[in-house]
Amino acid sequence: MSTPTLALEPLLSCRGLVKSFGHVIGLNGADLDLYPGEVLAVVGDNGAGKSTLIKCVAGALIPDTGEITLNGERREFKRTQDARLQGIETVFQTLAVSPALDIASNLYLGRELRKPGVMGKVFRMLDKKRMRTEASQHLQDLGIGTVQSITQTVETLSGGQRQAVAVARAAVFGSKLIILDEPTAALGVRESARVLQLIKDLRDRGMPVILISHNMPQVFEVADRIHVQRLGRRAAVVTPQTHTMNDVVAIMTGAMSVDEKDQALGPVRSAN
Amino acid sequence: MSDPASGTMDLAGEFLGRRTPMQRIQVTLHRYPYLSPLIVLIVALVIFALINPKFILPGNLSFITQQTVVIGTLAIAQTLIILTAGIDLSIGAIMVFGQMVMANLALTAASNATNFGLPPWLAITIGICASILAGAINGFLIVKLSLPPFIVTLGTLSVFTALTLILFKARTIQGPEMPDLLKVMGVAIKIGSFQLMVGVIVMLVLFAVFTYVLRMTSWGTHIYAVGDDPQAAELSGISTKRVLFSVYVVAGFITGIGAWIYIGRTGAASPNADPSINLDTITAVVIGGTSLFGGRGTLIGSLLGAFIVVVVENGLALAGLDQAYRVLAIGVLVIAAVALDQWIRKVRA
Ligand SMILES: Nc1ncnc2c1ncn2[C@@H]1O[C@H](COP(=O)(O)OP(=O)(O)OP(=O)(O)O)[C@@H](O)[C@H]1O
Ligand SMILES: [Mg+2]
C-alpha cells in the first residue's frame, strides 16, 4: 500500500486501427491504451471516430488493418459475442435494445437463463421467473432509472429509461471491461449523476471503463485519463490534472498539440 | 437516437393517468395482438349463424375445420418468417413440391414410369426432407446473398413450381394409387356428428408446440429480436444470420407436414394444387395481428386468422353471396388489419 505499484502493461491496446466505409474513413491509424482499473474518457468532435474505435474493440466492426491486444494476447473479434465472451460489455450509442421485448428479456438477450433439469436441457425452457426477479434486482441495485414493471416492453419506455436498461445490461455482465458510448446523452440530471456514480463504483471495484462523452464536466469528474480523438486517430492523451477543459477542446479542434512527453500515455493510477 | 421529448410526454401522460379510451384500446391491442382477430372471428360467427342457421350445424363446422387445416398449418411457417420481417411467397409451391415427391415415391400403381414403390413412411420422410431443403435454399439465398425475402421467394415460387412440373410431368396422382399412410391426415374421427380430421389434430399440436417454442425458448426470443431490430439483435450478440436461416429451414419442415396434410385433405396429389394458398397464408397471418414489419405477433392470432379467412368465405357462401363478394370481404379485412397494425405500432414512444 505504501508503495503504489503502477501496472505498466495495458489491459487493452489497439495499434494502427484503420476502418473505412467506402471512401469515408472512420479510423485512420488509431491507437488506444487502457490500463487496469482506470476510467479512460474518449472525447472528440462529431465524426472523429470515437464510436468506430470502440466498435472495433467490442467486435461490432472488424478493422481493415491494425491490431487489438487484450491482456497481451492478440484478438480478432468477428462478432460482439466474441468480445462478450472475453468479458467486454458495451453500451452502444444506438443502445442496441430490442423494442418489442420486455426489460428482462433485453437484459438477458443472447444469454438467456434456462430452467434447471430436464425442462431446460431437453425442452430448452427459459427460466422467465428467475430472469425477471434477477433483472429487477439488478435494476434496483444499480439505482438507475425507475420502471413500472420489468415485463414492460422497451418500446413503451422513454429514451432515458431505455438508456438505463442498456447501461444496466453492461454493468451487470461486464467482467473485464465496460464501454459506454455516450451513456448519459438522453438522461436527466439525476439519472446522469447516477450513471457517473455507477462509473465510480465500477472503478472502485477495479473494473476498467471506457467512457465516450461530449460532456466535459462529466469527463473531468470521472476520468483518470482523457484520450482525445481527432480525424480518426489519437491526437493526445492528457489527464484532468495536467490540462484544462479549454486545452482539451483546443486539442480536439486541432488548435493545440501536445508534446509526447507532456502526455499521459502510461498509467496514472495505481492498480489496487 | 430516440426522441427524448416524446418519451417525456408519454411518461407524463402515463403518470397523470391522462389516457383517452382510444389510447387504452391501442395499448391493450398492442399488448395482446390476438385480441382483434378473436373479436372479428366471434362477430363473424355470430352474424353468419344469425343469417343462416345451417352455418353452425356440426357438419358445416367440421367442414370449416377441414377447409382451414392446410392454410392453418402453413400459416405457422409463414408466421415464423413474417416475425423476422420476412415473407414467403413460395410456401404453396414448396408444399405442392413436397406432396408430389411423397406421392410419386410411394406410388403403388405399376403402370407408371415414375414408380419407385418406396415404403410410404420413407416416401413421406423424403417428401418432408425435400420441403426442408427448399426452405434451406430460400434461407441460403436470403442470408448468404443478403437478398430481400420478397424477391427471393418470388423467384423460388417459379423455380419450385417449374421443378414440380418438370420432375412429375403434371400428372395428378389419384387417391387409390397411394398407400393409406399418405392419406391418413384425411381420416375423420367422429365425435357425435362432428368430424375431426387427423390433420386438424396435427395442426393444433403444431400450433401448441411452436407457441411454446416462440414464448419459452431462446430461439423464439431471438426470432422476435431479429425481426424487431436486426442491428440491435446483432449488437446484442445474436447471430441474425443463423436465426434467419434456421427459421426458413423450420418453415420448410412445417410446410412438409402441410404437404402430407394436403394429400389427406384432398385425397389426391395434384401438381396444380390450389394456387391461392400462398396469399391465403399471408392473409391469415396479417389478419391474425402479426406485423409485416416483424417482431410483433402471435401464432394464436394466425390460427384465428386462418379460421377467419375460411369462415368468411363459407359464411358468405351460405348467405347466398357471390364468390366476388367473398374475395372483396377478405381484401377489406386485410387492409383493415394492416391499418390497425400501423395504428397500434404508434404506441412506441
Ligand atoms: N456504418 C457507417 N457507414 C458509413 N460511414 C460511417 C459508418 N460509421 C461511421 N461512419 C463514418 O465514420 C466517421 C466516424 O464516425 P463515428 O461514428 O465513429 O464518429 P463519432 O466520433 O462517434 O461521432 P459522434 O460524436 O457524432 O458520435 C464519420 O465520418 C462517419 O460518417
Ligand atoms: Mg459516436
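The values are calculated or read from the model by the stated rules, or taken from the named source; none is laboratory data. Model, not experiment: these values are computed from the prediction. Don't worry about glycine lacking a Cβ; one is built from the backbone with ideal geometry, like all the others, and counts go over all protein chains shown. Remember, those area values only see protein heavy atoms, side chains included, never the ligands or the DNA or RNA. Shrake-Rupley method; radii C 1.70, N 1.55, O 1.52, S 1.80 Å.
Please verify whether segment A:5-12 includes one or more residues that are of a type in the set (Val, Ile, Thr) and out of contact with any Gly (no Cβ under 9 Å at 6 or more places or on another chain). Yes, segment A:5-12 has at least one match.
Checking each residue in segment A:27-52 for being more than 11 Å from ligand 1 (Cβ to nearest atom) and either part of a strand (DSSP E or B) or free of Cβ contacts under 8 Å to residues at least 60 places away in the same chain (or both) picks out A:Gly29, A:Asp31, A:Leu32, A:Asp33, A:Leu34, A:Val39, A:Leu40, A:Ala41. Scanning segment B:203-243 for residues that are under 27 Å from B:Lys54 (Cα atoms) and surrounded by fewer than 20 Cβ atoms within 10 Å (Cβ to Cβ) returns a single hit, B:Leu204. Here segment A:111-149 is the region considered, the condition is being open to solvent by 20 Å² or more (accessible area, probe 1.4 Å), small (Gly, Ala, Ser) and within 14 Å of another protein chain (Cβ to nearest Cβ), and the residue that is farthest from A:Ala186 (Cα to Cα) is A:Ser149. Considered as a group, the residues in segment A:154-194 that are open to solvent by 20 Å² or more (accessible area, probe 1.4 Å) and more than 12 Å from every other protein chain (Cβ to nearest Cβ) include one that is nearest to A:Gly37 (Cα to Cα), and that residue is A:Lys176.
Just one residue in the set A:Val43, A:Val91, A:Val24 is open to solvent by 60 Å² or more (accessible area, probe 1.4 Å) and among the aliphatic types (A, V, I, L, M); that residue is A:Val24. Quick check, is B:Tyr224 part of a helix (DSSP H, G or I) and either closer than 14 Å to A:Glu112 by Cβ or at pLDDT below 95 (or both)? The answer is yes for B:Tyr224.
Select from segment A:245-272 the residues that are among the β-branched types (Val, Ile, Thr) and part of a loop (DSSP other than H, G, I, E, B) and write down the one among them that is nearest to A:His23 (Cα to Cα). The selected residue is A:Val258.
None of B:Val309, B:Val332 is more than 14 Å from chain A (Cβ to nearest Cβ) and either within 30 Å of B:Ile126 (Cα to Cα) or surrounded by fewer than 22 Cβ atoms within 10 Å (Cβ to Cβ) (or both) except B:Val332. From the list A:Lys129, A:Lys55, the one residue that fits, being without any contact (Cβ under 8 Å) to a residue 60 or more places away in the chain, within 16 Å of ligand 1 (Cβ to nearest atom) and in a helix (DSSP H, G or I), is A:Lys55. Here B:Ile238 fulfils each of the conditions (1) within 14 Å of chain A (Cβ to nearest Cβ); (2) of a type outside the set (Asp, Glu); (3) assigned to a helix (DSSP H, G or I) apart from (3). Of the residues contained in segment A:6-26, none is found to be within 16 Å of ligand 2 (Cβ to nearest atom), at pLDDT 95 or above and not in a strand (DSSP E or B).
Quick check on my filter: what residues within segment A:195-234 are within 14 Å of ligand 1 (Cβ to nearest atom) and open to solvent by less than 40 Å² (accessible area, probe 1.4 Å)? A:Ile210, A:Leu211, A:Ile212, A:Ser213, A:Met216, A:Val219, A:His227, A:Val228, A:Gln229, A:Gly232 - these are the residues of segment A:195-234 that are within 14 Å of ligand 1 (Cβ to nearest atom) and open to solvent by less than 40 Å² (accessible area, probe 1.4 Å).
Filtering segment A:238-263 to residues that are away from ligand 1 (no atom under 16 Å from the Cβ) and surrounded by 21 or more Cβ atoms within 10 Å (Cβ to Cβ) leaves A:Val238, A:His243.
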